[in-house]
Structure formats: structure tokens, C-alpha cells
Amino acid sequence: MTATPTNRTGRIRPQAVLALVVATILPVLAADRPSTARSSSDDATAAERTAVDDAPGAGSFDVDAVAEDAIGDIESYWSTTFPANFDRPWPPIEGGLHPTDATDVAEHRPPCLVRSTEIVANSYYCEAADALVWDRAMLLDAAAEHGTAGVAAILAHESGHRVHMLLGVDEQAARADPDRYPLALTESMADCHAGAYFRWSVDGGGELRFDGSEVDRAVLALARAHDPVGAEKRTHGGALDRVLAFQRGYAEGVHRCAASTVDELGPATDPQAAPVPHRQLPDLVSDDLAGYFVELAPPGSGQDGPATRLPTGEPGCADAQGAVALCPEEPVVAIDSYEAVAGVHEGIGDHATATLVAGRHALAAIGRLGLPVDDANTGSRTVCLVGAWSADAVAGQGPPMPDTTGESDGWWGPGDLDEAVLLLLTDDRPARDVHGISHRGGRERVIDFALGRHGGPDACLSP
Ligand SMILES: [Zn+2]
């Protein structure tokens, strides 16, 4: 977020879909490299960092030192990248860095802070003072949950605000033309610039040298800080918005970030939106979740599509796929046990479990269409079809979405899309083939999902 002096915390025509997919999604796919790719130098750097990443809670952990390293690396990136790309200098941060404790703001009030409670779980770039400010406890949590990459993601995002400010998208410009430079746009730009920094790091720039799996952790740290359902106004956007904005910078670089426009943003959050009730597993199964995929790929005459089977206590048919598995012989999508999905169901949400189940029905549909269920493209295609189903089933946040399959069934609400994205970032099971093998990393799965959400099943099933 940015602060000054207080914290600031649709659908499109079918013809436009292809252009949007080509313009937005395909360059991301083409320019990305597999997030599972690691060079030997990546391994060495990541191993050295393990001691730091494991340290929060150990007593001697110095989150200020981690933040200092991250800021040093980010500054190193911008001090060369900014002049080289924008033909102007990258000045030192005049107002400095302000790690802040919520208990201490009465005596040491950081710049731009009006109410002391504002610092809790917060970080911001203060344009008036040219200063970076963060809640030390929040950064410590990020370090514990996401490692150095999580700390760097937050600080790279705040530095991203400084970048667009130096490029003229500042508070004065926002006041003069709020429709062109809404807060949501500058938040998206900041995520995008963070992505550009991480790409440089992955490519061997700087000292931290993050690898692909650490970049996924960085993105997760940002995606988890999505706008809550019912937020008064759109700020950072939904989890999908944040991943795609980051990925634009990662894949396409800083000029792409600087050229971001409001047209790329998802619809504004609906302040009237209420979370839909959390559903238990039997309710999920009784929902006609398989219906979308049966319609997409009808079974042969006299055959049924797979039903979803609740835990029976019997051994699963395909352990390698995980707790929710397609058993093609029966056919059935079987859930091993309640315990096996409890982490996803309670930890992320009921729609995360539904996404696991939808993934197996998507895999069955791929088989019925005569496409391979065990090659290198299977996982990408499967998750893409889950995205197509999501566009049908889940309304709400996210980039502009085509009307591919008719009305939403009303079961799912805006927060459910966030649950799907958080699952895909952290869990490879939706992308596993029939033998349980996944070829897709976290961000790649979200991009596959977004492609299906934008383009519908046709975008997934082309050769
Ligand atoms: Zn921000």
C-alpha cells in the first residue's frame, strides 16, 4: 500500500476474449520458465538461506537483518534497472527505512502514520517523506511463513510504489485523474514491479538469488494479503489479481508494469458481498459439480460420468493422485478420508476442496475426449479446465471474465475464487495426471487456471 498522510489501503465481449488471452496470458506463459527449474547456484544460495528461513521462533532471529538484506538486493536491482529503462536516476531513499513496533509508535511515530493502530500488520511507502515503513511483527510472520522470499515480496511491493511515483504516477496525478490512476492500479503496478525484481533475482542478479519455488512462496505471501470479501473498495485486488500482476512483471518486465492500465484490473469488490456459508463435504458432493464436465465431454451411450464418492473407509484406488483421486475403471472420483482433506477444507476453505474434486472430474473429461491422461500437458490442461469450470461457478474478483457458459449457479461467492488460487499456488494435486505426476509449479498452475477462466474450455483443449 501507499500512504499520504494516512494509509490508503464485467464481463467483456467474447470477441475480446482471444485478444485478452493473447495479450495478457500467453506472453506470461511464453516468457516464464518452469518454477521447478533450479540451477546448481540456486541450490547453493537456497541452502545457505535455510538457516535464516528456519530461524523465526528460535530466539536469535533478526528480522531487521533479513529486511536489510532484502532492501539491499531490491535497491541494487532498481539502481541499475531504473536508469537503464527509464533514462533517469534512481535516488537514494531520502526518508529512510522504518521498521516499527506497534507498541512503540507513541514515541517513535513513523512518517505518514496518523493513527497508531494503522501500523499493525501493515507496511507502506510514504510518498511525502520518501520512506519505507513496516510493522516488524508482520515481517517476522512473513519470514516464518514464507522465508526470506516472503519478506522480499512485501518490501519489493513497497519499493514498487516508489517506482511508479518516480515515473509520475504519484499522489498528485491520482488526485488530478482518479479514474486513470485509482489506488487499485498503483497496487497492481507495485505487484508487477515486485515480479520484475524477482525475475532478475532468479536470473542470477543480486545476492539473494531466489529459485522458482521461493518465487512461489513470495507470490503466496502477496496473494494471501488479498482484499477481503465485502471490502469497501478495491485495493490490492483478489488473490488471482495479485498473482497475475506479479507475473506480468516477472515475465514481461518493468515497461509492461509502467504501462499497466485500469482495463487490466478485475472488477471492483462488491461492498455488499457476504461470504457464502462454509459447506461440509457431503454438501459439496451432492452439488452437481460433475455436471459441468459431463456436459463438456459426455460419456458414451449407456455409460455414466464418474460420481463423487465420499470416504468409505476402503483403500483408495489411486494413491499417487492424493486424497481425492480419479479411479477411471469404476469410474468414480473418490475421497480417501475426511482427515485427508481436512487441512485443505478447514485451512483454505470449502471451495479449495471443491477445486480438488473438480480437478479429478476435469481429468476424467480429458480422458473421455480421447486426450492423454498421463503426458506432460495433462496437468496444464486439467487445471485449465478447472478454470473454465470456475468461470461458470464462481463470480467475483479476478480479471475481466468472458461469459463462456451461462449463469453462475450461485453456490460460490467472491471469496471462493481466492480459495481456489491459494490452493493452486500451494498444492500440486489439481495438476496431477492419472499416475499422480505433476509437471506444473505453483504460479504455472494459477496461469493455467486463469487461461481457462478467460478463454473457457476451448482455450484448454486446443492441441
Ligand atoms: Zn501497496
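All of the numbers you see were taken from the coordinates with simple rules; none came from a lab. Predicted model, so just to flag it, every value in this text is computed and none were measured. Glycine gets a Cβ as well: all are built from the backbone with ideal geometry, and neighbour counts include every protein chain shown.
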Roughly how many nanometres apart are two label points built 7 Å out from the Cα toward the Cβ at ILE93 and GLU314? 6.0 nm
Hey, with R₀ at 45 Å, roughly what FRET efficiency would GLU329 and ASN85 work out to, going by the Cβ-Cβ distance, to 0.05? 0.20
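Among the trypsin sites (Lys or Arg not before Pro) in segment 91-184, which ones are in a DSSP loop with at most 10 other Cβ atoms within 10 Å of the Cβ? Mind listing them? The partial results should precede the final answer.
On the way: sites: ARG115, ARG136, ARG162, ARG175, ARG180; in loops: ARG115, ARG180.
Qualifying residues, ordered by number: ARG115.
Neighbour counts of other C-beta atoms within 10 Å: give me PHE198, PHE61 arranged from fewest to most. Mind dumping the intermediate values first?
Details: PHE198 28, PHE61 17.
The most exposed by this proxy come first: PHE61, PHE198.
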Remind me, relative contact order of segment 281-461 in percent, using alpha carbon pairs under 8 angstrom and six or more residues apart? 23 percent
Distance in nm between pseudo-label sites at ALA121 and GLN172 (7 Å out along the Cβ direction from Cα): 3.6 nm
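Among HIS345, HIS161, which comes first, second and so on when ranked by fewest other beta-carbon atoms within 10 Å?
Working: HIS345 21, HIS161 24.
Fewest-to-most Cβ neighbours within 10 Å comes out as HIS345, HIS161.
Taking R0 as 22 Å, what's the FRET efficiency between ASP179 and HIS255 from their Cβ-Cβ distance, rounded to 0.05?
On the way: r = 23 Å, r/R0 = 1.04.
Here the calculated transfer efficiency is 0.45.
Normalising by the residue count of segment 92-134, find the relative contact order in percent from Cα pairs under 8 Å and 6+ residues apart.
Working: 57 pairs, mean separation 21.7, N = 43.
Rounded, it is 50 percent for segment 92-134.
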Work through the residues other than HIS226 whose Cβ is under 13 Å from its Cβ and net out their charges, Lys, Arg +1 and Asp, Glu -1. -4
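Which ordering of SER260, SER390, SER301 is given by a fewest-first count of other beta-carbon atoms within 10 Å? Could the numbers behind the result be given before it?
Numbers: SER260 21, SER390 26, SER301 5.
So the ranking, lowest neighbour count to highest, is SER301, SER260, SER390.
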Quote the charge dipole size of segment 122-281 about the Cα centre in Debye, to the nearest 20; the model charges only the Cβ of Lys and Arg (+1) and of Asp and Glu (-1). 240 debye
Which is farthest toward the positive dipole end of segment 187-316 among PRO306, ALA231, PHE210, measuring Cα position about the Cα centre, with Cβ charges +1 (Lys, Arg) and -1 (Asp, Glu)? PHE210
Cα gyration tensor shape of segment 281-461, rounded if a/c is under 1.5, else prolate or oblate by comparing a/b with b/c: rounded
HIS435 label point, 7 Å along Cα→Cβ, cut-off 11 Å on backbone N: hits in segment 301-343? none
